[in-house]
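The structure under discussion appears below in the form of structure tokens.
The values are calculated or read from the model by the stated rules, or taken from the named source; none is laboratory data. Just so you know, these numbers come straight off a predicted model, no measurement behind them. We place every Cβ from the backbone using ideal geometry, glycine too, and count neighbours over all the protein chains shown. Ligands, DNA and RNA are excluded from the accessible area calculation, which covers all protein heavy atoms including side chains. Shrake-Rupley method; radii C 1.70, N 1.55, O 1.52, S 1.80 Å.
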Amino acid sequence: MSKFVKSVPEQLDVEHSSPVSSESKKSSSVTSEFSFQSTEELQVSKVLIDQVLGQDDAVEVMKKASLQRRHVLLIGEPGTGKSLLGSALAELLPKETLVDVLVLPNPADDQQPLVRIAPAGHGRQLVGRARLQASSLFQQQNWMLMLFLLFALAAPWWARNFFQLSDVMFAALFLGGMVFVVGLLLFYSVARRMNFVRFDTPKVLVDNFGKSTVPFLDATGAHAGALLGDILHDPLQSGGLGTPAHERVVAGMIHKAHLGVLFVDEIATLDPHTQQELLSAMQEGKYAITGQSERSSGSMVRTEPVPCAFILIAAGNLETVKHLHPALRSRIRGYGYEVYMKESMVDSVDNRLKIAQFIAQEVRKDKKIPHFSARAVDVILQRARRMADRKGHLTLRLRELGGLVRTAGDIARESGAKLVEPEHVVAAKKRARVLEQQIADEYIERKKEYEVIVTSGSRIGRVNGLAVIGGPGGYSGIVLPIEAEVTSGDKKSKGFSAKEFTATGRLGDIAKDAVTNVSALLKKNFGDELKGSRDVYVQFLQTYEGVEGDSASIAIATAVVSALKNIPVKQSVAMTGSLSVRGEVLPIGGVSAKIEAAAEAGITTVIVPKANLGDITLERGVAKKVKIVPVESLVEVLRVALDLKGKDDFLKSFES
């Protein structure tokens with residue numbers, strides 16, 4: 001695919017702005033790094049394993065698992081290709097001789113139906129023959145009943161004419177014949193239900209008629225009955241009037257996946273007992289079906305073991321590992337592989353082509369949206385960089401990226417365009433905003449309306465911090481105002497007490513640790529001013545949902561220094577960054593989303609860790625609204641944020 005790439009710089013720096021802006025119009029004239037005109041020129045493999053992009057290690061494991069029939073545990077974030085890998089494994093498996101599974105009545109024990117195996121497609125034939133035999137026997141009984149009915153109707157008339165019976169005797173014979181026929185009908189009906197005359201036919205439990213490939217069953221979210229099989233409840237279980245036990249047997253997904261693949265995402269959501277039963281099925285390769293509810297009549301029925309030699313593909317995130325049954329995980333580790341799914345890949349020429357390949361795949365799968373131009377692919381690449389939130393990387397959360405592809409395709413189709421162009425992708429980004437971003441926009445708008453967020457002038461002890469809501473691939477930034485106050489403390493106190501540095505605002509554990517680290521730094525540099533005479537209070541304004549993380553560390557430190565030294569903070573400045581106890585500014589996550597939130601709020605300068613500089617990917621319009629200042633130490637933060645006006649002597653203590 002390298003023939004589709006021109007010689008261009010490795011990475012673009014900004015994304016395009018809205019479709020109505022001048023920047024968008026200029027961007028449409030930028031030459032793409034790709035030599036193809038549209039994604040229609042790219043070939044898309046029909047083999048599923050070739051459609052898994054960026055997960056090279058996982059692909060290799062799946063190929064080995066298909067040859068050796070190994071179980072696999074896939075751990076990673078949603079949208080990284082776990083379910084596609086499971087489907088691909090089923091496609092890779094060599095063709096097996098599939099079988100049908102039948103369940104039959106057990107003459108010796110009604111509560112233990114028999115299980116038999118037949119070649120694929122033969123199960124229906126066997127059931128058909130049994131039904132034909134039953135129907136022929138039933139037809140013979142019907143003829144006998146018809147003969148008795150005719151005899152009962154004709155005999156009274158013959159007797160009347162032959163024996164010259166009176167009307168009373170004729171009526172008695174006629175009514176007696178009718179009673180005889182009704183009694184005979186009742187006898188046959190009861191005899192059938194009481195098993196005096198049996199018409200029981202086998203039931204196809206697992207039907208592989210017409211299937212040429214091994215089965216793939218997605219058991220995500222399945223309850224115990226659907227996964228392990230069940231026996232239906234029979235309310236008419238007494239007096240011989242109930243449905244035969246074998247007809248109430250229902251196969252589980254583990255049985256339907258025999259010789260194929262059973263995929264279970266979020267496997268830790270299965271209760272421990274179900275996980276243990278799943279382990280038993282994996283070990284034995286067969287599993288007897290019984291009723292899953294103790295209150296059901298089906299709990300009294302247990303079939304013979306039913307074949308279930310499946311390959312398990314279990315999936316989940318890191319929390320899954322904590323809640324996975326230890327024995328089940330041990331089984332997978334001992335007889336299979338564990339794979340951690342990558343969340344990003346290096347932003348290289350080959351990997352950018354993989355993103356273009358992914359777009360082509362999504363267009364062909366959708367079958368309703370047009371292909372993307374090369375310049376539109378460039379805009380998608382910018383979003384992939386932004387979603388990676390990592391310097392020099394592209395995201396592999398391709399499900400979310402696929403949502404943007406489809407939205408852009410819908411917009412292009414609505415406008416009647418033959419190809420998706422950059423302006424369609426830009427419009428799609430606005431229309432397909434994640435829920436967190438919509439909430440963040442509403443949050444900023446309301447806080448500005450009530451003047452909770454201040455973006456002009458200077459104030460003592462008040463700093464505009466920055467935070468994010470959501471997670472990787474869905475970060476949305478918000479402005480987080482922080483205020484500090486230094487008050488007179490207990491003069492009798494010697495040394496530092498826990499009450500001298502107090503932070504409020506529903507802080508999480510990591511945020512509390514960050515406050516502790518900041519307090520250590522400030523006590524080192526302002527120990528004489530704080531010792532025994534001052535208490536420090538830090539408030540995160542209106543954080544009703546709570547605060548977690550350490551990215552507000554430099555904002556806390558700046559607010560406290562401002563309050564302690566009575567030096568105003570420029571409200572046109574916002575900041576984000578972690579802080580070590582020695583005053584070094586450390587990198588944080590979601591930096592691009594935070595900068596965009598600051599720009600949206602009207603802030604003109606944003607302080608960020610220098611280590612995050614390569615992670616920043618902004619829309620062209622946003623980059624023009626704010627000045628980004630990278631810093632490495634708290635001293636640099638204070639010089640930019642504080643309105644010093646010659647009051648910078650105290651900074652020497654930090655510099656030393």
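Select from the stretch 300-323 the residues that are of a type in the set (A, V, I, L, M) and open to solvent by less than 10 Å² (accessible area, probe 1.4 Å) and write down the one among them that is nearest to Asp109 (Cα to Cα).
Val301
How do the pairs read when you match residues in the stretch 27-49 that are within 14 Å of Pro422 (Cβ to Cβ) and modelled with pLDDT under 90 with residues anywhere that are assigned to a loop (DSSP other than H, G, I, E, B) and open to solvent by 70 Å² or more (accessible area, probe 1.4 Å), using Cβ under 6 Å and keeping only pairs 6 or more apart or on different chains?
Glu33/Lys6
Hey, can you tell me all the residues within the stretch 281-301 that are assigned to a loop (DSSP other than H, G, I, E, B) and more than 24 Å from Lys63 (Cα to Cα)?
Scanning the stretch 281-301 gives Ala288, Ile289, Gly291, Gln292, Ser293, Glu294, Arg295, Ser296, Val301.
If you go through the stretch 574-603, how many residues are over 19 Å from Ala511 (Cα atoms) and touching a residue at least 40 places away in the same chain (Cβ under 8 Å)?
Of the residues in the stretch 574-603, 10 are over 19 Å from Ala511 (Cα atoms) and touching a residue at least 40 places away in the same chain (Cβ under 8 Å).
For the stretch 324-350: of the residues being open to solvent by less than 20 Å² (accessible area, probe 1.4 Å) and out of contact with any His (no Cβ under 9 Å at 6 or more places or on another chain), which is nearest to Asp378 (Cα to Cα)?
Per the criteria, the residue is Met341.
Could you list, in sequence order, all residues of the stretch 553-569 that are open to solvent by 10 Å² or more (accessible area, probe 1.4 Å) and of a type in the set (A, V, I, L, M)?
Ala563, Leu564
Answer yes if at least one residue in the stretch 407-421 is under 27 Å from Ile588 (Cα atoms) and open to solvent by less than 30 Å² (accessible area, probe 1.4 Å), and no otherwise.
No: the stretch 407-421 contains no residue that is under 27 Å from Ile588 (Cα atoms) and open to solvent by less than 30 Å² (accessible area, probe 1.4 Å).
Just checking, which of His233, His223 is modelled with pLDDT of 85 or more, farther than 30 Å from Ile313 by Cβ and not aromatic (Phe, Trp, Tyr)?
It is His233.
Please verify whether the stretch 302-314 includes one or more residues that are in a helix (DSSP H, G or I) and among the small types (Gly, Ala, Ser).
No - not one qualifying residue is present in the stretch 302-314.
So, Asp509, is that one open to solvent by 10 Å² or more (accessible area, probe 1.4 Å) and under 31 Å from the mean Cα position of the chain (by Cα) or not?
Yes; evaluated as a whole, the condition is true for this residue.
Specify which of the listed residues (Ala245, Ala251, Ala268) is farther than 19 Å from Ala65 by Cβ, crowded, with 18+ Cβ neighbours inside 10 Å, out of contact with any helix residue (DSSP H, G or I) (no Cβ under 9 Å at 6 or more places or on another chain) and of a type in the set (Gly, Ala, Ser).
Just a single option satisfies the conditions, and that option is Ala251.
Can you confirm whether the stretch 114-123 contains a residue that is crowded, with 19+ Cβ neighbours inside 10 Å and assigned to a helix (DSSP H, G or I)?
Yes, the stretch 114-123 contains a residue that is crowded, with 19+ Cβ neighbours inside 10 Å and assigned to a helix (DSSP H, G or I).
Could you run through the stretch 363-402 and say how many residues are open to solvent by 10 Å² or more (accessible area, probe 1.4 Å) and assigned to a strand (DSSP E or B)?
Number of matching residues: 1.
Looking at the stretch 570-603 only, could you name the residues that are crowded, with 24+ Cβ neighbours inside 10 Å and assigned to a loop (DSSP other than H, G, I, E, B)?
Thr576, Gly577, Ile588, Gly590, Ile603
Of everything in the stretch 50-87, what is closer than 28 Å to Gln283 by Cβ and among the acidic types (Asp, Glu)? Give them in sequence order.
Answer for the stretch 50-87, where residues must be closer than 28 Å to Gln283 by Cβ and among the acidic types (Asp, Glu): Asp57, Glu60.
Which numbered condition trips up Ala65, out of (1) at pLDDT 90 or above; (2) open to solvent by 20 Å² or more (accessible area, probe 1.4 Å); (3) among the aliphatic types (A, V, I, L, M)?
Of the numbered conditions (1) at pLDDT 90 or above; (2) open to solvent by 20 Å² or more (accessible area, probe 1.4 Å); (3) among the aliphatic types (A, V, I, L, M), the odd one out for Ala65 is (2).
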